[in-house]
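One structure is given here, and the rest of the page talks about it.
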Amino acid sequence: MRQGDEAAMKDGELGRIAVIGGGRMGETLARALVASEAVTVEQVKVSGPRGARLEEAVSGTGIATTLDNREAVQGADLILLCVKPQTLPEVLEELAPVLSEEQVLVSIAAGVPIRFLEERLAKAVPVIRAMPNTPCLLGEGMTALCRGRHASAADLARAQVVFEAVGRTLELDERYFDAVTGVSASGPAFIYMVIEAMAEAGVKVGLPRGVATELAAQTCLGAARMVIETQEHPALLKDAVTTPGGCTIDGILMLEEGGLRVTLIKAIVEATRRARELAP
């Protein structure tokens with residue numbers, strides 16, 4: 001553990017934070033950290049390539065912005081690297097000369113392994129890899145975390161504080177991260193399609209579209225909470241809804257005939273395969 005780790009985590013302090021990349025996820029993390037009082041507004045600085053977009057992203061918060069990534073990381077304790085995988089090598093090349101071993105780098109770039117980051121930093125900079133998903137925008141995200149060879153338990157704890165400001169976290173071995181991308185990062189898109197289909201069905205059987213959409217969305221939200229909060233297997237929760245000779249079993253038969261399970265499994269397998277291809 002590096003000097004200062006114990007003291008920082010004892011008080012739950014994150015230190016100064018630089019958010020590199022003023023996109024939606026970077027904006028969300030910056031806003032959430034301030035809103036949750038994990039940090040003060042003076043502790044955060046956001047950088048990105050477009051000034052107008054940056055100002056819009058953090059408007060009304062008082063968070064400082066800059067177009068200079070190097071300026072943003074100067075004096076920062078925790079650096080959130082919220083850039084696309086395609087631009088990550090360029091950003092790493094820019095930042096590597098100015099980063100120190102006393103700083104912690106957290107990357108959310110999909111498909112980019114810790115090894116790639118550590119090799120390009122050419123210093124023993126602690127690296128944390130994170131895989132969040134878009135529900136973080138509403139504080140209902142799911143983020144998998146993994147620490148690199150130079151990162152301490154305190155470094156990981158800091159990253160957990162960051163992402164718990166926007167949802168739940170889970171520490172996992174990096175070998176699972178492509179699968180995490182397929183299940184939880186791509187997963188919201190699959191669920192949106194389920195909600196859309198349920199809403200269309202509601203319209204088909206006579207419901208107004210707005211009502212059908214709200215019913216479908218809240219049903220998915222409620223079902224998800226049942227799984228998480230009861231800790232019951234989804235199959236058992238399904239059986240609890242499926243009464244003998246009732247309506248639900250007829251619907252389930254149609255879903256099985258249409259191959260819903262197999263199709264969703266194939267979708268996640270394919271998304272996982274594509275995540276592996278993103279690695280530089």
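Miscellaneous remarks
- Verdict on residue 212 being more than 30 Å from residue 112 (Cβ to Cβ), touching a residue at least 12 places away in the same chain (Cβ under 8 Å), within 22 Å of the chain's Cα centre (by Cα) and surrounded by 15 or more Cβ atoms within 10 Å (Cβ to Cβ): no
- When segment 77-107 is filtered for residues that are in contact with a Lys or Arg (Cβ under 8 Å, 6 or more places away or on another chain), of a type outside the set (Asp, Glu) and either part of a helix (DSSP H, G or I) or open to solvent by 10 Å² or more (accessible area, probe 1.4 Å) (or both), the ones remaining, listed by number, are 89, 92, 95, 96, 98, 100.
- Of all the listed residues (243, 263, 248, 272), the sole one being over 26 Å from the mean Cα position of the chain (by Cα) and either under 28 Å from residue 177 (Cβ atoms) or in a helix (DSSP H, G or I) (or both) is 248.
- Residue pairs whose Cβ atoms lie under 8 Å apart, sitting 6 or more positions apart in sequence or on different chains, and linking a residue in segment 62-86 that is closer than 16 Å to residue 102 by Cα to a partner that is of a type in the set (A, V, I, L, M) and open to solvent by 60 Å² or more (accessible area, probe 1.4 Å), are 70/98; 73/98; 74/98.
- Of 65, 143, all but one fail to be hydroxyl-bearing (Ser, Thr, Tyr) and open to solvent by 20 Å² or more (accessible area, probe 1.4 Å); the exception is 65.
- Filtered by the rule that a residue be surrounded by 11 or more Cβ atoms within 10 Å (Cβ to Cβ) and of a type outside the set (A, V, I, L, M, F, W, C), segment 190-209 gives 192, 196, 200, 202, 209.
- Note on segment 123-151: residues that are out of contact with any strand residue (DSSP E or B) (no Cβ under 9 Å at 6 or more places or on another chain) and small (Gly, Ala, Ser) amount to 1.
- Among the residues of segment 159-176, those identified as part of a helix (DSSP H, G or I) and touching a Gly at 6+ places or on another chain (Cβ under 8 Å) are 161, 163.
The values are calculated or read from the model by the stated rules, or taken from the named source; none is laboratory data. Bear in mind the structure is a predicted one, so any value in this text is a computation, not a measurement. Every residue, glycine among them, receives a Cβ derived from its backbone with ideal geometry; neighbour counts consider all protein chains shown. Side chains are part of the model used for accessible areas, which takes the heavy atoms of the whole protein and leaves out ligands, DNA and RNA. Shrake-Rupley method; radii C 1.70, N 1.55, O 1.52, S 1.80 Å.
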